[in-house]
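Everything on this sheet refers to the single structure shown next.
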Amino acid sequence: MSTVAFIEEDQDWRAGALCSQVDPDLFFAVGAREHRQAKQICKRCPVQLQCLIYALEGPIDHGIWGGMTERERKRFRRQAGEEGWRVKLNIA
């Protein structure tokens, strides 16, 4: 499998994301109210875990991904410690 095919296949989860049905600006807003609204959508999303993994692998340094802000993702990585965030998510 070529690298390009792997990258495209790896991101197929995006087609099922609930955020694709709303204004994307909601997931990149700076306010707490917007964060709460975005996270409510994430909680119902069938691809929330894939989205979070994508952001953690990045690492993506902006926006709500997988139901977490950048600050929450940083804290999550830090709390995972040497064990690693994959173990903490039970995907290792």
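Read-outs throughout are calculated quantities, based only on the coordinates presented, and are distinct from any laboratory measurement. Predicted model only: the values in this text are computed from it and were never measured. Cβ coordinates were reconstructed from backbone atoms using ideal geometry, including for glycine residues, and neighbour counts include every protein chain displayed.
Here's the picture: charge each Lys and Arg Cβ at +1 and each Asp and Glu Cβ at -1 in the chain, and of Val47, Gln11, Gly81 the one pushed furthest to the positive end of that dipole is Gly81. A convex hull fitted around the alpha carbon atoms of the chain yields 111 Å³ per residue. Ordered by the count of other Cβ atoms within 10 Å of each Cβ, fewest first, Ile60, Ile41 give Ile60, Ile41.
The modelled label-to-label distance for the pair Val87/Arg71, using points 7 Å beyond Cα in the direction of Cβ, is 2.8 nm. Ellipticity at 222 nm from helices only: DSSP H runs of n ≥ 4 in the chain, each -39500 (n - 2.57), divided by the residue count, give -14000 deg cm²/dmol.
Taking neighbour counts of Cβ atoms within 10 Å as a proxy for exposure, in what order, fewest first, do Trp65, Trp85 appear?
Trp85, Trp65
Taking all Cα pairs closer than 8 Å and separated by 6 or more residues, the relative contact order of the chain comes to 22 percent.
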